[in-house]
Amino acid sequence: MATFTPREIVSELDRYIVGQREAKRAVAIALRNRWRRMQVPEPLRDEIAPKNIIMIGPTGVGKTEISRRLAKLAQAPFIKVEASKFTEVGYVGRDVESIIRDLTELAVTMVREEEKEKNRVKARELAEDRVLDLLLPPPPKTIPMPGAPHFDATETREKLRRMLRDGKLDDRSVELEVTKAASPMIEVMTPQGMEEIESNLRELLQNVLPKRSKKTKMLVPEALDALEQEEASRLIDQEAATREAIRRVEQSGIVFLDEIDKIAGREGVHGPDVSREGVQRDLLPIVEGSTVSTKHGPVRTDHVLFIASGAFHIAKPSDLIPEFQGRFPIRVELEALTQADFVRILTEPENALTRQYTALLATESVGLVFRDDAVAEIARIAAEVNERTENIGARRLHTVMERLLDQVSFDAPEMAGQQIVVDAALVRDRLAPILEDQDLSRFIL
């Protein structure tokens, strides 16, 4: 985080996302402010709260992708949830605190994987020793007899180790004793909001029931990988990893609340149904800052960054309750994508669709070349369909590309060694029958 200035963060996001400059600037400033806060002296540091963001814009314009790439850039724990799947307390549905529990689980997994990677070399050496013990068991300790021939076990073991590393023993098999935790086939039923109790009960049952050991025969490379994972797990300080994970969640966690407009609205009359305003009030303590109990320990949400998004076609941000609005001081409106944007999306990003399809068909030894006029025609058709039907933004490009390359993808195994040039005429020829359909029903997936 310290190495990226806001300008550099925007530049990194530009590699994958076209346009939406204002949204990129907002998240870049929010990310940089986190680093700035950590440089502030301790008494004032805790008083600086993150400035949460609401992204307003139609579907498919890059709201989720901006948040996901930002979290990857910052190497921060990140979770995306739909606000519409949570219900207020007292109704069947997910408890809002499960957002933080899931985020903590992701952070714990992230830290443990990092620790495994740090210990990979040592774990590999330990795994090699265990495989060598299986291939060449150590000789029993005996008193050498006078005049008996000398056998150097160390030299033989090192020779075998070199063969193992050179891959000369890959066709050999060894027998491993694999221990698996018992997984009880018991369904734990708990009331809504008690997911943590259910998780703890399952973990308790797994610890109480005896672990099962089973001898498995496998090839040497498979045994090495299995033993390396086992040794890497043993080398991790689990308590330290958990503490680091909780620290990351509290200091740099990012929660992306999608479909926030689905819970916007103030009901004048409350009937026997889930209240959207009630969901907002349940989310409010987490956004404001509270302590959530997880199986790894209490987690504070005071400095977790919340990025909300919604199309707001019917509802407006002002329909949110005042307390909820106040916790999202930054509002960014994302622009609908145009035909020119579609051309850029198809060519500029590192993960552009044209590059994806070219790489996919290259695995079948089929060359796929997109000419500039073909890209322009694909963009024109996608923009036209978005105008005539529901505007789903850049996701429309996936529909158009699949329809365009459907036959090529199906016949690719029989076309090895061929090169296909996609031009505007080919695009029109393949998609003209669909475009002639007045309701474009086949474009609605």
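The values are calculated or read from the model by the stated rules, or taken from the named source; none is laboratory data. Predicted, not measured: the structure shown is a model, and the values here were computed from it. Counting neighbours? That spans all protein chains shown, and the Cβs are built from the backbone with ideal geometry, glycine included. Heads up: the accessible areas ignore ligands, DNA and RNA and are worked out on the full protein's heavy atoms, side chains in. Shrake-Rupley method; radii C 1.70, N 1.55, O 1.52, S 1.80 Å.
Details
Table: residues versus (1) out of contact with any helix residue (DSSP H, G or I) (no Cβ under 8 Å at 6 or more places or on another chain); (2) under 30 Å from I392 (Cβ atoms); (3) modelled with pLDDT under 85.
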{"site": "F256", "(1), (2), (3)": "no, yes, no"}
{"site": "V269", "(1), (2), (3)": "yes, no, yes"}
{"site": "Q280", "(1), (2), (3)": "no, yes, yes"}
{"site": "T294", "(1), (2), (3)": "no, no, no"}
{"site": "V299", "(1), (2), (3)": "no, no, no"}
{"site": "P317", "(1), (2), (3)": "no, yes, yes"}
{"site": "E323", "(1), (2), (3)": "no, no, no"}
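- The set of residues from the stretch 317-374 being closer than 24 Å to P58 by Cβ, part of a helix (DSSP H, G or I) and not polar (S, T, N, Q) comprises P317, D319, F324, A340, D341, F342, V343, R344, I345, L346, L353.
- Residues satisfying the stated conditions in the stretch 322-364, i.e. surrounded by fewer than 17 Cβ atoms within 10 Å (Cβ to Cβ), without any contact (Cβ under 8 Å) to a residue 60 or more places away in the chain and of a type in the set (A, V, I, L, M): A340, A359, L360, A362
- Qualifying positions in the stretch 212-221 - surrounded by 15 or more Cβ atoms within 10 Å (Cβ to Cβ) and touching a strand residue (DSSP E or B) at 6+ places or on another chain (Cβ under 9 Å): M218, V220
- The stretch 105-128, subset in a helix (DSSP H, G or I), within 22 Å of L176 (Cβ to Cβ) and open to solvent by less than 50 Å² (accessible area, probe 1.4 Å), residue modelled with the lowest pLDDT: E128
- The single condition among (1) in contact with a Pro (Cβ under 8 Å, 6 or more places away or on another chain); (2) open to solvent by 70 Å² or more (accessible area, probe 1.4 Å) that W35 does not meet is (1).
- Qualifying position, being outside any helix (DSSP H, G or I), at pLDDT 85 or above and at negative phi, among A241, A308: A308
- Close pairs (6 angstrom Cβ cut-off, 6 or more residues apart or separate chains): touching a residue at least 12 places away in the same chain (Cβ under 8 Å) and closer than 21 Å to K85 by Cα in the stretch 248-263, part of a helix (DSSP H, G or I) and among the hydroxyl-bearing types (S, T, Y) anywhere: F256/S67; E259/S84; K262/S84
- Selection status of I100, assigned to a helix (DSSP H, G or I), surrounded by 18 or more Cβ atoms within 10 Å (Cβ to Cβ), in contact with a helix residue (DSSP H, G or I) (Cβ under 6 Å, 6 or more places away or on another chain) and modelled with pLDDT of 85 or more: no
- Filter result for T59 (in a loop (DSSP other than H, G, I, E, B) and of a type in the set (S, T, Y)): yes
- Test: residue in the stretch 30-40 that is assigned to a helix (DSSP H, G or I) and either under 24 Å from K262 (Cα atoms) or within 20 Å of the chain's Cα centre (by Cα) (or both): yes
- A76 vs. criteria buried (at least 18 other Cβ atoms within 10 Å of the Cβ) and not in a helix (DSSP H, G or I): yes
- The stretch 192-211, subset open to solvent by less than 50 Å² (accessible area, probe 1.4 Å) and part of a helix (DSSP H, G or I), residue modelled with the highest pLDDT: S199
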